[in-house]
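K.L.:
Here it is: the structure, laid out below.
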Amino acid sequence: MNNTKELRLWTFAWILSMAIATFGPQFLWSEESIGTLLAIIANLILGIRMILANRKFINSGDELQKKIHLESMSLTLVLAVIVGLSYSLLDQKNIISGDAEISVLVLFIGITYFVATIINNRKYK
């Protein structure tokens, strides 16, 4: 299996396990069930496998691809910290009406990495 397919497989498995851990207690079993704990442990293990597959994918690229991903990841990390902390402060100081949700930050991180990778690919073309 090539590195792209392997990364896709582990990413899909992790996303599926996240959905099961999130919605299983609501639709498949009770909240205080051992099923919830097992689903969260499975999600953690699959997340680690996804990280390893991502590392393998990046390390299999040439120097330019590694540079593109490193720059995209570093920009994403810095923006996630700055935006995430500002978002949290907005919630703490009751400037926003709802609670600061981690899902919003995760979405921001995903979009940031996606856009940064596209921009860096064009930059180094």
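K.L.:
If you scan region 1-27, which residues turn out to be out of contact with any Gly (no Cβ under 7 Å at 6 or more places or on another chain) and either more than 28 Å from His69 (Cα to Cα) or touching a residue at least 60 places away in the same chain (Cβ under 8 Å) (or both)?
P.N.:
Kept after step one, since they are out of contact with any Gly (no Cβ under 7 Å at 6 or more places or on another chain), are these residues of region 1-27: 1-13, 15-23, 25-27.
Ile20, Ala21, Thr22, Phe23, Pro25, Gln26, Phe27 - these are the residues of region 1-27 that are out of contact with any Gly (no Cβ under 7 Å at 6 or more places or on another chain) and either more than 28 Å from His69 (Cα to Cα) or touching a residue at least 60 places away in the same chain (Cβ under 8 Å) (or both).
K.L.:
Then there is this: Does any residue of region 92-112 turn out to be assigned to a helix (DSSP H, G or I) and among the charged types (D, E, K, R)? Give the derivation first.
P.N.:
Within region 92-112, the first condition is being assigned to a helix (DSSP H, G or I), and the residues that meet it are 92, 102-112.
Among the residues that remain, those that are also among the charged types (D, E, K, R) are: none.
No, because not a single residue in region 92-112 is assigned to a helix (DSSP H, G or I) and among the charged types (D, E, K, R).
K.L.:
Looking at region 113-125, which of its residues are farther than 19 Å from Asn54 by Cα and in a helix (DSSP H, G or I)? Quick ask: steps written out before the conclusion?
P.N.:
At the first step, the residues of region 113-125 found to be farther than 19 Å from Asn54 by Cα are 119, 122-125.
Those that are farther than 19 Å from Asn54 by Cα and in a helix (DSSP H, G or I): Ile119, Arg122, Lys123.
K.L.:
Could you list, in sequence order, all residues of region 23-43 that are surrounded by 13 or more Cβ atoms within 10 Å (Cβ to Cβ) and either in contact with a Lys or Arg (Cβ under 8 Å, 6 or more places away or on another chain) or in a helix (DSSP H, G or I) (or both)? Even if it seems obvious, please write down each step before you answer.
P.N.:
Initial filter on region 23-43 (surrounded by 13 or more Cβ atoms within 10 Å (Cβ to Cβ)): 24-25, 29, 33, 35-36, 38-40, 42-43.
Within region 23-43, Gly24, Pro25, Gly35, Thr36, Leu38, Ala39, Ile40, Ala42, Asn43 qualify.
K.L.:
Scan region 74-112 residue by residue and report those that are of a type in the set (D, E, K, R) and more than 21 Å from Ile15 (Cα to Cα). Give the derivation first.
P.N.:
In the first step, residues of region 74-112 are kept if they are of a type in the set (D, E, K, R); the result is 91, 93, 99, 101.
Residues satisfying the conditions are Asp91, Lys93, Asp99.
K.L.:
Can you work out which of the residues in region 58-102 that are more than 12 Å from Asn120 (Cα to Cα) and acidic (Asp, Glu) is surrounded by the most Cβ atoms within 10 Å (Cβ to Cβ)?
P.N.:
Step by step, filter region 58-102, then rank; the result is Asp91.
K.L.:
Looking only at region 98-125, count every residue that is hydroxyl-bearing (Ser, Thr, Tyr) and touching a Ser or Thr at 6+ places or on another chain (Cβ under 6 Å) and tell me the total.
P.N.:
Going through region 98-125, the residues hydroxyl-bearing (Ser, Thr, Tyr) turn out to be 103, 112-113, 117, 124.
Restricting the remaining residues to those that are touching a Ser or Thr at 6+ places or on another chain (Cβ under 6 Å) gives 112-113, 117.
Summing the residues that are hydroxyl-bearing (Ser, Thr, Tyr) and touching a Ser or Thr at 6+ places or on another chain (Cβ under 6 Å) in region 98-125 gives 3.
K.L.:
Could you list, in sequence order, the residues of region 60-69 that are in a helix (DSSP H, G or I) and over 26 Å from Met18 (Cα atoms)?
P.N.:
Kept after step one, since they are in a helix (DSSP H, G or I), are these residues of region 60-69: 63-69.
Result: Glu63, Leu64, Gln65, Lys66, Lys67, Ile68.
K.L.:
Output yes when any residue across region 46-57 is assigned by TED's automatic domain parsing to the domain that holds Ile118, surrounded by 14 or more Cβ atoms within 10 Å (Cβ to Cβ) and either over 21 Å from Ile118 (Cβ atoms) or among the basic types (Lys, Arg) (or both), and no when none is.
P.N.:
no
K.L.:
Continuing with this model, one more query. Condition (residue is modelled with pLDDT under 95 and closer than 26 Å to Ile15 by Cα) applied to region 113-123: is it met by at least one residue?
P.N.:
Scanning region 113-123 turns up no residue that is modelled with pLDDT under 95 and closer than 26 Å to Ile15 by Cα.
K.L.:
Just the residues that are within 13 Å of the chain's Cα centre (by Cα) and either aromatic (Phe, Trp, Tyr) or not in a helix (DSSP H, G or I) (or both), please, taken from region 1-22.
P.N.:
Hits for region 1-22 are Trp10, Phe12, Trp14.
The values are calculated or read from the model by the stated rules, or taken from the named source; none is laboratory data. Predicted model only: the values in this text are computed from it and were never measured. Heads up, the Cβs are rebuilt from the backbone with ideal geometry, glycines too, and the neighbour counts pull from every protein chain shown.
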